[in-house]
Amino acid sequence: MSSSRVFAHLQLTRPANVVTAIADIWAGFAIAGAWDDMFLDAALGGGTFWTNLVWLSLSTIGLYAGGVAFNDVFDAELDAVERPERPIPSGRASRSSAAWMAFLLLVMGVAAAAQVSWISAGIALAVALLAVLYDYWGKHQFFFGPINMGLCRSGNLLLGISVSPLLLEQYAAIGLIPLVYVAAITMISRGEVHGKNKKALFGGFGMYVLIIVAILVLAYVQSPGFWQVIPFLGLLSYMIFPPLLKAIKFQEPKLIGKSVKAAVISLIIVNASIASAFSGWPIGIIVLILLPISLWLAKKFAVT
């Protein structure tokens, strides 16, 4: 396979977005208290923490990359009209090779999770099925589509928490945070091609505000984590609100696209905020380190 075809297949996986999925896992580890094991492992000379972190990070890479690649496989005909520059309609990647790559990535995601536990594998399988359901059917549903996409992200956060299976039930409700956030992004993105979706833009604005309030409440409950999330939420607000307000004002597809791109990348900041609420600001900073990596990749590869 030529280097140009390799690059085209890599484009299908949305590398910048994949990094945001890794942040889900790292935040899940914070919720489960697993980052404390990092220091214990170092003291005892073991490697359980790092082994689990690597396997679940690999799992989410496979799940996300496979899911978004299948999106382009199912959208090939539509993209030929609306986005002919994408890898499949442009002929730089064949539909069959993209489908096989997407399938193998999803299998890799489930197999990697199985190295941690069968519970993790079950969650990974559920995320994979939800991703394919969204790609094939869910995204065409006005109401269920955003929820379907949000459930994929919720499952990804729960996949991180599954490193401590006994805590899954206790903290499962936190999955509502990425669900609402991603549902808002999905709703806003519907105007990315044609624009003129003012109601969806205002709805997304309200859902973003709800997310920030929810994280503040979560941090307050997890005291002393309350004050530690403030800088992260300030950065989140700076990233998502200015481009969204500009999109609301002009309702142009290009501006809506920029708003969506900023919100997708800012998933890392959402996760950093959650991590700091549970494990303190140093762990939040560790998660936030993924942000410049994602931003750099976003300059090389499309985010939406």
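The values are calculated or read from the model by the stated rules, or taken from the named source; none is laboratory data. Small disclaimer: the values here were computed from a predicted structure and weren't measured. Counting neighbours? That spans all protein chains shown, and the Cβs are built from the backbone with ideal geometry, glycine included.
With respect to LEU130, determine if the residue is surrounded by fewer than 23 Cβ atoms within 10 Å (Cβ to Cβ), farther than 27 Å from LYS254 by Cβ and touching a Cys at 6+ places or on another chain (Cβ under 9 Å).
yes
Are there helices (runs of 4 or more DSSP H) fully within region 19-108 with at least 1 residues that are hydroxyl-bearing (Ser, Thr, Tyr)? List them.
Because the criterion is at least 1 residues that are hydroxyl-bearing (Ser, Thr, Tyr), the helices (runs of 4 or more DSSP H) in region 19-108 that meet it are 48-74.
Sort through LEU53, LEU10, LEU63, LEU58 and tell me the only one that's at pLDDT 95 or above, surrounded by fewer than 19 Cβ atoms within 10 Å (Cβ to Cβ) and within 17 Å of the chain's Cα centre (by Cα).
LEU58
I'd like the full set of residues that are touching a Pro at 6+ places or on another chain (Cβ under 8 Å) and of a type in the set (A, V, I, L, M, F, W, C), limited to region 123-163.
LEU157
Since GLU77 meets every condition but one in (1) under 23 Å from ALA272 (Cα atoms); (2) surrounded by fewer than 15 Cβ atoms within 10 Å (Cβ to Cβ), which condition does it not meet?
(1)
Filter region 88-102 for residues that are under 23 Å from LEU133 (Cβ atoms) and either polar (S, T, N, Q) or within 19 Å of the chain's Cα centre (by Cα) (or both) and give the result.
Listed by number, the residues that qualify are SER96, SER97, ALA102.
Identify, from the list GLY225, GLY204, the residue that is part of a helix (DSSP H, G or I), of a type outside the set (A, V, I, L, M) and at pLDDT below 95.
Result: GLY204 is the single residue among GLY225, GLY204 that is part of a helix (DSSP H, G or I), of a type outside the set (A, V, I, L, M) and at pLDDT below 95.
Pick from region 141-160 the residues that are assigned to a helix (DSSP H, G or I) and over 15 Å from the mean Cα position of the chain (by Cα): which of them is surrounded by the fewest Cβ atoms within 10 Å (Cβ to Cβ)?
Ranking the candidates gives PHE144 first.
Of everything in region 109-139, what is over 12 Å from LEU159 (Cβ atoms), polar (S, T, N, Q) and in a helix (DSSP H, G or I)? Give them in sequence order.
None; the set is empty.
Consider VAL127 carefully, then state whether it is over 15 Å from the mean Cα position of the chain (by Cα), touching a residue at least 24 places away in the same chain (Cβ under 8 Å) and within 30 Å of PHE49 (Cβ to Cβ).
Taking the combined requirement at face value, the residue does not satisfy it.
Here's the yes/no breakdown for (1) touching a strand residue (DSSP E or B) at 6+ places or on another chain (Cβ under 6 Å); (2) more than 18 Å from LEU290 (Cβ to Cβ); (3) surrounded by fewer than 16 Cβ atoms within 10 Å (Cβ to Cβ):
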site	(1), (2), (3)
LEU201	no, yes, no
PHE205	no, yes, no
LEU210	no, yes, yes
LEU218	no, yes, no
VAL221	no, yes, yes
LEU245	no, yes, yes
ILE265	no, no, no
ALA272	no, no, no
SER276	no, no, no
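Only residues that are farther than 22 Å from ALA277 by Cα and aliphatic (A, V, I, L, M): list them for region 233-248, please.
Matches in region 233-248: LEU244, LEU245, ALA247, ILE248.
Within region 283-299, does at least one residue satisfy the condition of being within 18 Å of SER189 (Cβ to Cβ) and either under 14 Å from the mean Cα position of the chain (by Cα) or not acidic (Asp, Glu) (or both)?
The answer is yes, given that some residue of region 283-299 is within 18 Å of SER189 (Cβ to Cβ) and either under 14 Å from the mean Cα position of the chain (by Cα) or not acidic (Asp, Glu) (or both).
When both residues are 6+ apart or on different chains and their Cβ atoms are under 8 Å apart, which pairs have a first residue that lies in region 136-148 and is closer than 13 Å to TYR181 by Cα, and a second that is small (Gly, Ala, Ser) and surrounded by 12 or more Cβ atoms within 10 Å (Cβ to Cβ)?
PRO146/ALA183; PRO146/ALA184; ILE147/ALA183; ASN148/GLY138
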